[in-house]
Amino acid sequence: MTLLAIGAAIAVFTGIGAGIGIGLATAKSADAIARQPEASGKIQTALLLGCALAEATAIYGFVIALLLVLKL
């Protein structure tokens with residue numbers, strides 16, 4: 001029973017990794033747009049795709065945590 005709670009807590013930590021990753025990607029894309037404003041469209045597209053994938057992993061971790069908690 002306590003192992004399920006520990007597993008749920010670990011699964012929630014995926015949000016931390018996603019937050020750090022999205023923050024770093026946003027900082028790098030802002031830097032890239034500042035250096036090459038003419039490429040802002042391509043940079044923004046790649047940034048949004050990467051952020052969506054990173055956020056999806058955080059959501060999967062949250063869903064796993066909810067499933068584990070509801071199993072308690």
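Here, each number is a calculation from the coordinates, and none is a lab measurement. Note that the structure is a prediction, hence the values are computed from the model and not measured.
Descriptive notes on the structure:
- From phi via Karplus (6.51, -1.76, 1.60), per-residue ³J(HN,Hα) for the range 65-71 in Hz, x at Gly/Pro: 4, 5, 4, 5, 5, 5, 6
- Convex hull per residue volume in Å³, alpha carbons only, for the range 2-71: 47
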